[in-house]
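Contents: one structure, followed by commentary.
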Amino acid sequence: MCAQCHQAFGAMKYIHPPVKDGMCTTCHNPHASAEQKLLTQPLKDLCASCHPDKIDYKFVHGPTATGDCTSCHNPHESKNARLLVQAEPDLCFMCHVDMQAEVKKKVVHPALKSGCTSCHNPHGSSVKKFFAAAGAGLCYQCHRQVEDKLKSAKSVHPPIKTERGCASCHSPHASDAPKLLSKSGKDLCFDCHKDFIKKNQTVLHGPINDGKCTPCHDPHGTPNDKLLIKPYSTEFYVSYSDQEFQLCFSCHNRDLLKFPTTSYATGFRDGDKNLHFIHINRKDRGKSCKVCHVIHAGENPKLLADKVPFGKWSLPLKFVKTETGGSCAPGCHQKYNYDRKTPGKEAPVEKTKGKEKTKGK
């Protein structure tokens, strides 16, 4: 009867059940109504009479809250599932116009490509921004491997535990940086770890010089302290074994401390006497790498420290570099010189304004 005047429905793939069953009066009063389109109730109440589970949320999507369900849904039929007026994500772009630029970036979140409802409930949620779960729990729905890793992690990156969760470092929609990071490499890390490298520290650890922190640190969590990818002793003295310093030898060649004499494995040698071996390869009172080297950045060649903590004392190294060797006069032993070409050679010294200056420093 209705189709005698109104356009008949039923040609599209998805049809609203009342329309399909010819029950137009489920929604429309055939004679008169106080509502537009002869609706039997205000639109919000009308839809809720069949879909009460779509409106009872702490945080409610704007169209749902105002009862404007037909902003997203066609009440009769549609070529799109759930009677949507457009397919995702174009439907969402009708209001969220800023997102159109996001999807043009180099890296787009696969979840976004699959539709905004991969992460957001389009009607409402108990969580802000209509997320399907809170914090990192939302991301774990797809990234199970990260969740599993963190269950056994000794150290977990603090941002993951915040309300923003993974979005502290990752853009949830799209980014021009790899892995959806909000910035590339160390620039992202330095947003939180401010003043981590001082202006006068011009000698950078290789990975940092390459703009990366992840060769040493896992950005999510690890079984090791300080989010390190492999064990690294915090002790001053370390009883050496081939299992020690796994982190450092992820990049460096362990040969530099395996042989008492060498002509190639290290530049820290007096002739062919391997001074790395002498300092580290010991069962009693072997030294940790950090006894002489700073880790991230420093002012001296080879990241050698000016001073290192030894209990409450700042132990000075007094290292001087020459073209073929150098010398050090730390608090732990008298001054020793080393030279790769002439063993035991002492660096030449000249006096400058009443002070001694080592040539080649």
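Values in this text are rule-based calculations from the coordinates and carry no lab data. Computed from a predicted model, the values in this text were never measured in an experiment. Neighbour counts are summed over all protein chains in view; Cβ atoms, including those assigned to glycine, are modelled from backbone coordinates with ideal geometry.
With semi-axes √(5λ) of the Cα gyration tensor in Å as the read-out, I listed (i) 36, 23, 21; (ii) 71, 19, 17; (iii) 41, 21, 17; which label goes with the value calculated from this structure?
Recomputing semi-axes √(5λ) of the Cα gyration tensor in Å here gives the entry labelled (ii).
Less than 16 Å apart at the alpha-carbon level, and either on another chain or at least 8 residues along: which aspartates and glutamates does that give for residue 318?
Answer for residue 318, where 16 Å is the Cα cut-off: 299, 306, 346, 356, listed by chain and number.
For residue 37, give me every one of the aspartates and glutamates with a C-alpha distance below 18 angstrom, ignoring sequence neighbours fewer than eight places off in its own chain.
45, 68, 77
Under 12 Å between alpha carbons, and skipping anything fewer than 8 positions from residue 128 in its own chain: which aspartates and glutamates qualify?
Residue 128 reaches 163.
Please go through segment 47-141 and write out the trypsin sites (Lys or Arg not before Pro) that DSSP classes as loop and that have at most 11 other C-beta atoms within 10 Å.
58, 104, 106
Which of 59, 305, 86 sits closest to the plus end of the dipole of the chain, meaning its Cα is farthest towards the positive end, when Lys and Arg get +1 and Asp and Glu get -1 on the C-beta?
305
Rounded, prolate or oblate for segment 244-284? Axes are the square roots of the Cα gyration tensor eigenvalues, ordered a ≥ b ≥ c, and the cut-off for rounded is a/c under 1.5.
Since a/c reaches 1.5 but b/c is at least a/b, the shape of segment 244-284 is classed as oblate.
Only Cα pairs within less than 10 Å get springs; with that Gaussian network setup on the chain, which residue of 247, 39, 112 has the largest fluctuation?
Answer for the Gaussian network model of the chain: 39.
Before rounding to the nearest 500, sum -39500 (n - 2.57) across all DSSP H runs of length at least 4 in the chain and divide by the residue total; then give [θ] at 222 nm in deg cm²/dmol.
Value at 222 nm, helices only: -3000 deg cm²/dmol.
Pop out the ³J(HN,Hα) list for segment 244-259 in order, Karplus 6.51 cos²θ - 1.76 cosθ + 1.60 with θ = phi - 60°, rounded to Hz; leave Gly and Pro as x.
The phi angles translate into 7, 6, 4, 5, 5, 8, 5, 10, 7, 8, 5, 4, 5, 10, 8, 10 Hz.
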